[in-house]
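Nothing in this text is a laboratory measurement; each read-out follows from the coordinates by a stated rule. The structure presented is a predicted model; accordingly, all values stated were derived computationally and were not measured. For neighbour counting, all protein chains shown are included, and Cβ atoms are generated from backbone atoms with ideal geometry for every residue, glycine included.
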Amino acid sequence: MKEACDYISEQFASYGYKVEFQSYKINGVTVKNIIVTKKGAKYPDRFIIVGAHYDNYFNPGADDNASGIAGLLEVARLVSNYDSNNSIRFIAFVNEEPPFFKTEYMGSRIYAKAARLRNEDIKGVVILEMIGYYSNKPFSQRYPPIFGLFYPNKGNFIGVLGNFNSWQLAKEVVSGLKERAQLPVESVVTFDFIGGIDFSDNGSFWKEGFPSIMVTDTASYRNKYYHSQSDTYDTLNYKAMAEVVRGIVFALKRIDNK
């Protein structure tokens, strides 16, 4: 994980960002969220956050979540010369996976709680959680109960998931993806407790009342290599990942100008 932290930090720095760390200890081990910020011209104290976790579940983790980190880095690179109104913050979160999943030791929980304490003005948080696995085969996509009646059975789309507090953010992200990304887009805005809807760092921000959405290929509902040693780089669709990045960049600019 230290090697991943070093690599991500070096990439951010190569784009001209100043790298900061939010460090904390678990059982005597220091872990770090990696943070860079593009300062806004009009509203420097208001933030749009893009995040992804950089730990994995004792496996290669190509889709979960090297794909999200690759997207995070590329979005950061593409907007590095963009003159934003709001500050845009990019965060690589630590400790999203078990045994820390849904505990107070998740990197995103540490950040979100601190942000609430300092009353940080967060316009929205976009979490990139597994954006690399796609299939055009019929019935390659599964869902929680009932949802399969309303959504396609081919796993060839990118999903945008949000809770009711995040509906406006979800709307902007979906619009950006549909306008610029050359791949299907599906979305759902629903209750926090629906299975899978909060299965990433977006849930940490919901607990603090911040609008947050997850952009995902739906993880275990599609990817048969989820949390296995077969989650390797050769299973990813890089063209689709690039389309997701293209759409997210455009969505960020939409949100920034609202």
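Scaling the Cα radius of gyration of the chain by the globular reference 2.2 N^0.38 Å produces a ratio of 0.93. Of the chymotrypsin sites (Phe, Trp or Tyr not before Pro) found in segment 159-238, the ones in coil according to DSSP and having at most 10 other Cβ atoms within 10 Å of their Cβ are 191, 193. Computed 3J(HN,Hα) for segment 200-210, one whole-Hz value per residue from the Karplus formula 6.51 cos²θ - 1.76 cosθ + 1.60 where θ = phi - 60°, is 6, 5, 4, x, 5, 7, 4, 5, 9, x, 8, glycine and proline marked x.
The Cβ shell under 13 Å around residue 131 holds other residues with a net charge of -3, Lys and Arg each +1, Asp and Glu each -1. Here's how it looks for residue 95: its modeled amide H is under 5 Å from those of 54, 55, 107, which are all 5 or more places away or on a different chain. Using the Cβ of residue 176 as centre and a radius below 14 Å, the other residues enclosed give a net charge of +3, where K and R count +1 and D and E count -1.
Taking the centroid of alpha carbons for each part, segment 124-171 and segment 38-53 are 25 Å apart. Anisotropy class assigned to segment 127-204 is oblate, per the alpha carbon gyration tensor with a/c at or over the 1.5 cut-off and a/b no larger than b/c.
Legend: residue pairs 32/207; 39/178; 18/123; 123/154; 39/224, Cα-Cα distance threshold 31 Å; pairs beyond threshold, 123/154; 39/224.
For segment 30-64, the list of trypsin sites (Lys or Arg not before Pro) that fall in a loop by DSSP and count at most 14 other C-beta atoms within 10 angstrom reads 39, 42. Each 10 Å bin from 0 upward holds the following percent of the Cα-Cα pairs of segment 9-127: 13, 45, 34, 8, 0. Could you check which residue among 174, 126, 29 shows the biggest mean-square fluctuation in a GNM of the chain with a 10 Å Cα cutoff? Its mean-square fluctuation being the largest, the pick is 29. By definition, a body whose alpha carbon gyration tensor gives a ≥ b ≥ c is oblate when a/c is 1.5 or more and a/b is not larger than b/c, and segment 140-181 fits this oblate description. Sequentially through segment 16-31, phi angles give Karplus couplings (6.51, -1.76, 1.60; θ = phi - 60°) of x, 8, 8, 8, 10, 10, 10, 9, 7, 10, 10, 6, x, 9, 8, 10 Hz, Gly and Pro residues having no value and appearing as x.
The HN-Hα couplings worked out from phi for segment 73-84 by the Karplus form 6.51 cos²θ - 1.76 cosθ + 1.60 (θ = phi - 60°) are 5, 6, 4, 4, 5, 5, 9, 4, 9, 7, 7, 8 Hz, whole numbers, x standing for Gly and Pro. Taking amide H atoms as placed 1.01 Å from N in the peptide plane, the amide H of residue 187 lies under 5 Å from those of 160, each 5 or more residues away in sequence or on another chain. Placing a pseudo-label 7 Å from each Cα along the Cα-to-Cβ vector at residue 41 and residue 3 gives an inter-label distance of 4.2 nm.
Computed over neighbours whose Cβ is under 14 Å from that of residue 225, the net charge equals -3, Lys and Arg +1, Asp and Glu -1.
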